[in-house]
Structure formats: structure tokens, C-alpha cells
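Throughout, read-outs are computed from the coordinates displayed, never taken from laboratory work. Remember, it's a predicted structure, so these values are computed and weren't measured experimentally. Note that each Cβ is placed from the backbone with ideal geometry, even for glycine, and that neighbours are counted across all protein chains shown.
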Amino acid sequence: MKSSLFALLFSSILFAQVDYPKDYFRSPLDIPMQLSGNFGELRPNHFHAGFDLKTMQREGLKVYAVADGYISRIKISTFGNGKTLYITHANGYTSVYGHLLRATDSIEDFIKKIHYKEQSFEIEMYLKPGEIEVKKGQVIALSGNTGASEGPHLHFEFRDNSTEYIINPMLFGFDKMLKDSKSPMISSVYVYPLNDDTVVNQSKRPLILNLKLQKDGTYLADAVSTNGKIGFGINAFDYDDVSFNKNGIYKVQGFYNGIPNFGYQFDTYPFDEMRYINALIDYPRYKKTQQRVQKLFMKNPFRLSIIKTNKSNGILTAEPNLTALYRVEVSDFYGNLTKVSIPVNYGSLPAIVAQEPILSKYFVKANNDSSFEKENMSVFFPAGTFYDDFYLNFDVKNDTLFLHDDTVPAHTSFTISMEDKKFTEAQREKLYIASINGKKMGYNTTYRKDNVFTIKVKTLGKYALVLDTIPPVISIAKPIDGKWLSDKKSIQFTISDGLSGIKSYNGYLNGKWILFEYDNKTKKITHNFSDGIVAEGANELKIIVVDNLGNSTIFETKFFRSQKK
């Protein structure tokens, strides 16, 4: 009776619902809604914060304000969501529109003035009520492919004005704009031995379990025989009826002998919990195979608010002479459901598959400070940097720090320090600590005090001091020097830097700063003559590009243009 009552209470409070307005907002596009990504979907280092709406594989579709409000924030970035508008609404929510090609009409004019006022392509500003008001159904922008977008689409979000939590658009009635009669797919189930002495089906390593479809549409997994603490993980995805691509799952719930023990669903969560995705998934497997297995347990508890669990944190312990049943239920927002049952019994057969060998003598405790030093290099991990304890591979060879590898995720930054003993004082002005990935040397903001260089990073791997005295490169597909460009709407250049990367670029036309928009995917900068800076007849153009170590390149040319029609 107590177990039944607990299960009832647990289920009723597991995922409490807020009464969100269902008919207040319209779609931001005027085409049928199709998703290329849904809310909570698993992404690198974060959960997806909204919907990715398909735009027929092209740019330039009209983007509409989903309700009355005012533009409260404008952010133009070369990465992330690219060109982004935020609209605050009177009912307590903010809508977000990302990867835009550009804003429209007076909004775009306002943004262009800010670019020229700050003399920067990347801008971010917060506006007050009344500065730029918009009406429901007003065209505010054109869809694009800016920022870190991997193809034309509209990124769309809802946020709570008071908490800044992001919210699943489905909760605002967007489920009515989509058809979904398909149940989620569980493509694989894994079982994890969680103690050194635990053996699962004669293995001390995680195992994939075979699944068999039953007549009632549920799945039955291989029986699990174990002598200790175990946990389960799933690889799952969802389809709808119209989008024709894999999306993330909405809700997962695990039951042990019918009692809920671990679950989560993607309704709302704060931005500062994004990186906990690396604790939720089997991160080493993801880095090695790109497969994101969602764990249904916490070996070392972490503060991801969407998780609801019991005192065991989803960890199971088999008991002698007792057979138990573990059940996983995965459902979408529409209630379509997939179930997998896994028999669990106690077994003491010896392991045939041993644990992976430990090759390191350095041990990191996740909840303690740790520091390691060798030769001229050191690393400091504050308590809480990692999710779990682990053995760290740490070494220094040929002036390179070998700091494990990126199969172990860090949640917060740690510090790497290197003392230079071979470069001159002049050369030290051009040194930085680089992340080494094959032949690529990634830039990290490097702090220097005398001959000691320091960085704060969140990724394990190889690091070394790198000298950068090479200036950036500026190129153009076809030379324009001395030519007439009357029939051109814009001019475009490619800028690049092979070591520390580009810190800044600026263009000047006849001595005046001009806006060059930067596309990080193509490394191209583009100036549109419609900005009105170009002169009738002769024009002198100068472009200055500076890398992160202060090396600079100047490109100068002269061209002619007539605005007369």
C-alpha cells in the first residue's frame, strides 16, 4: 500500500504543469510548421533552447512578431544565433528569433545606425518599452543562415521575463501547428556496472542489450544478471508526421518494480544548466562514436532541475533470490509512448570482460581541488570542475602538455600555467597557449605575468606555447583596383589567420568607417553599397585586420562607382 501511494504521489508531482497561454501567440512564419530541431534536443555542450523551424532550404522568408510587444534586445554575433531579435510581450514572456538574414524597415534602419555608431558588426543592446513597438503579425525580419547555423532556418524561443527560463513552445499551443502520431524510437538500451566489483552479464564494462518487439507493441530487453549496483541508459529519438527528420525526445521515465525512480521532461529550465547535458549523457561514448546515450541514473548527483528522482538517483541494486523488472517509458508531447521492459536478477558468475585498464597514477576527485605539476607546466582543477572522479593522464613531452583527452567533460573552467624559458622578451609578446588538435592550434585568451602564461579553459587535451608573428591574410576573388563597380551592389573579401585567429577587422571608405558583415562559415566580409557611404566617381578603400597577438595586415585599393541611373 505504501509503495502504491508513493508511486501515485511521485507521478503526480513529477512534472508539474504551469498554465501557459495557448492562443496568445501565432507562428513566426506563414508556412506550415516543420521542425529541424525541437526543444531540449541534445546538442554539443547544451540542450536546444527552442525550435528550429524549416524555411524551405532558403533564406529570405518573412518572419512575423508572434504577438504585440516591443523589441527589448538586439544581438548581432558572428557565432551562436547570429542576427537575433528579442520581443518582450505584456503577458510575461519574451519571444526570440535567431539566424536572421536581416531585420526589416525601421528596425533594420535602427540596427544599421547602431553599427555605425559603435563602428562594429558585432553589437548587443537592450531597449526600453516604447522605443521599438511591434504588433502581432508584423513582419520584423527575413529568415537567414547567420551565426553558427548549419543551413537556412529560423531559431525560435520563448523565455520567461521574470526568471529568464527558456520554455518549450509546445506549451503555448504550438502543438496545434504540428501533427504527430508516431511514437518515439528507442534504438538501444545500455546497462552500466557502477562499482568496481559489479559484474553485469559477466562483464565489468557497459553492455548494449538486445530488444525484442512484443505483440502489444512494447519491447523486451535481454535479462540482466548482476551482483551489484547498476544503471541504465537509452539512445532514443522522435519523429513527427511532417518534418521527416530525427528530433529529440520530450519525456523519459524509469520504473523499478513499478515505482518511478528517475525521469525528466523538457518543459522549461534555466540557461545556466545547459552544460549539464554532458553529465546526463554517456559523454565518453559520445566523443568516441557521436552517439548520445542518455543515462537514467546519477552516480554523482548534479543539479539539472528537469530531473526528478528518488534517493537512489536511479541506481539499482540486485538482491539475491529476487527477480525485479526495470521499465523505461519514452513519450513525446502528444502522449505517443514507447516502453521497454528489462528483467533484472541477482547473479554471481565471474567476469569474462574485465574493466578497461587504468594507465594513470593521477586520480582526480570531482568534489575536491586538484593540482598537478611537471617541468614548467601546471594545472589546477577547482572542486566541481568535473562530474565524476577519474584517473587523469598527465604528462609533459617536447614542450607540450598532455592533459588526458576530451572524453572527460569539464563543467567549469580550470587553469593551465606554463613558464617560458626559451623565448626572448620580444617574442613573449607574441606567445599564447594553444589548444592542439592535430595540426590545428586553437586560440585561448592568454594572460602573462613576466615569463608565466596562464589560460582558463573547459576542455582537456593537448596544450603548448605557440609563437605567432604571422599577420592575417586579406584576399579578393577578382581585383577591383582602378575598376568601375557601378553594376555591383556590394564588395566582398576573404579574411583569415592561420594561428591565433582574427581579433578585429575594420574597413574605411574615403576615410570613413564602413560596415563589413562577417560570415564565420565562409570567412568573408561584405559591404553593401546601399549603406550610402560610397562616393560618386573615385573611392579609396582601406581594410585593416588584426589577429589576437596584434599582428596586422592592411589592404588598400581604389575603385570607381557611379550612382546615377
Subject >> Principal semi-axes in Å for segment 324-434 [√(5λ), Cα gyration tensor, largest first] >> reply: 44, 21, 13
**OP:** Evaluate segment 259-407: find the radius of gyration of its Cα atoms, find its Kirkwood radius, and give the ratio Rg to Rh.
**Re:** 1.03
Original post:
Of K397/K524; K295/K456; K229/K339; K136/K521, which ones are farther than 31 Å apart at the Cα?
Top reply: K397/K524; K136/K521
**OP:** Excluding residues fewer than 8 places away in the same chain, name every one of the lysines whose C-alpha is closer than 17 Å to that of K246.
**Re:** K54, K179, K182
Subject >> Rg over Rh [alpha-carbon atoms, Kirkwood Rh] for segment 185-346 >> reply: 0.95
Original post:
Order of 473-484, 450-461, 542-553, 214-225 by packing, highest average Cβ count within 10 Å first?
Top reply: 542-553, 450-461, 214-225, 473-484
**OP:** Quick one: P(r) of segment 473-561 from all Cα-Cα pairs, 10 Å bins, percents rounded to integers, in order of increasing distance.
**Re:** 16, 53, 26, 5
Subject >> Rounded to the nearest 20 debye, dipole of the chain from Cβ charges on Lys, Arg, Asp, Glu >> reply: 700 debye
Subject >> Euclidean distance of C-alpha centroids, segment 86-117 and segment 44-70, integer Å >> reply: 13 Å
Original post:
Measuring from centroid to centroid over Cα atoms, what is the spacing of segment 418-459 and segment 498-565 in Å?
Top reply: 30 Å
**OP:** Mind jotting down a quarter of the surface of the convex hull over the alpha carbons of segment 392-450, in square nanometres, one decimal?
**Re:** 5.1 nm²
Subject >> 0 to 90° range, to nearest 10: angle between helix 2-14 axis and the chain longest Cα axis >> reply: 10 degrees
Original post:
Quick one: if you take sqrt(5λ) for each eigenvalue of the C-alpha gyration tensor of the chain, what semi-axes come out, biggest first, whole angstrom?
Top reply: 48, 35, 19
**OP:** List the residues of segment 417-444 whose backbone N lies under 17 Å from a point placed 7 Å from the Cα of T469 along the Cα-to-Cβ direction.
**Re:** 421-432
